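Written below as C-alpha cells is the structure these notes are about.
The values are calculated or read from the model by the stated rules, or taken from the named source; none is laboratory data. For clarity, every value in this text was computed on a predicted model and none was experimentally measured. Cβ sites come from the backbone with ideal geometry, for glycine too, and all protein chains shown count toward neighbours. What goes into the accessible areas is simple: the full protein's heavy atoms, side chains included, and nothing from ligands, DNA or RNA. Shrake-Rupley method; radii C 1.70, N 1.55, O 1.52, S 1.80 Å.
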Amino acid sequence: YEEQERAILEAIQRRPIDINVEESGCLEELRLTLDEYGSDLDILHLVGVYEQGYLITEDEYGNQVNSTAEDIFRAIKKALPRLVILCGSDRYGNRERAATIAEELIEKGLEVVITLNGDRSETILTTLYRQLASGNTLEDALREIHRQQRLTLVDSLLGVHLANQQLV
C-alpha cells in the first residue's frame, strides 16, 4: 500500500491537486473523513484485499470486517465521488470479485469505478493520476494507459465500469 501511495504522490508532484490519505482501513473513519468534504470529491481510491465478494476492511479496533458494496456505498454516499478506484489483490486469484463490487457500486449511483489488480497496478496508477492532474479527461488518461501498456492491460487493469458498461 505504501508503494502505491508513494507512486501516486510522485505522479502528482508539483501539480495543483488536493490529496488526503485516510489510512485506518475502517469504513466508519472513511465516512467521517468524507463527511468533511461534502460532495466536493473527484476521486476516491480504496486499497485492500478482495475475498469471497467482499473488500476486507477493519473496524475501529483493527478487527477484520468483510465489507460489501453496500457497506462501501454507505460510507461514501455523502461525498459521491466522480471516480472510485478499487485497487487490491484477491487471496484466491479470482478477478471477478472486484468487478462484482464495482458493478454493485455503479448500480447504487456511482458514475465510474475502475478496478485494478496485479503487478502493473502502480504503473497504471502513476499514469492515471499524472494524466488527471495535468487536466486530461478520464477518457484521455485511459487511452494513454492503453497506449503505454501496449494492449497488456489484462494483466493489471480488471475493468472500467461506467453506467453499467464494462469498457476495458
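Tabulated data for the structure shown
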item	result
Filtered residue count, the range 84-113, keeping only those that are at pLDDT below 80 and among the aliphatic types (A, V, I, L, M)	2
Residue that is crowded, with 20+ Cβ neighbours inside 10 Å, at pLDDT 85 or above and within 13 Å of the chain's Cα centre (by Cα), where the choices are Leu132, Leu125, Leu116, Leu44	Leu44
Index of the failed condition, Asn66 passing every other in (1) outside any helix (DSSP H, G or I); (2) over 25 Å from Glu139 (Cα atoms); (3) in contact with a strand residue (DSSP E or B) (Cβ under 8 Å, 6 or more places away or on another chain); (4) at pLDDT below 90	(4)
Test result for Glu2, modelled with pLDDT under 75, open to solvent by 70 Å² or more (accessible area, probe 1.4 Å) and acidic (Asp, Glu)	yes
Yes/no for Ala79 being part of a helix (DSSP H, G or I) and either within 27 Å of Arg6 (Cβ to Cβ) or in contact with a helix residue (DSSP H, G or I) (Cβ under 9 Å, 6 or more places away or on another chain) (or both)	no
Counted residues, the range 105-137 - those being at negative phi and either out of contact with any strand residue (DSSP E or B) (no Cβ under 9 Å at 6 or more places or on another chain) or small (Gly, Ala, Ser) (or both)	14
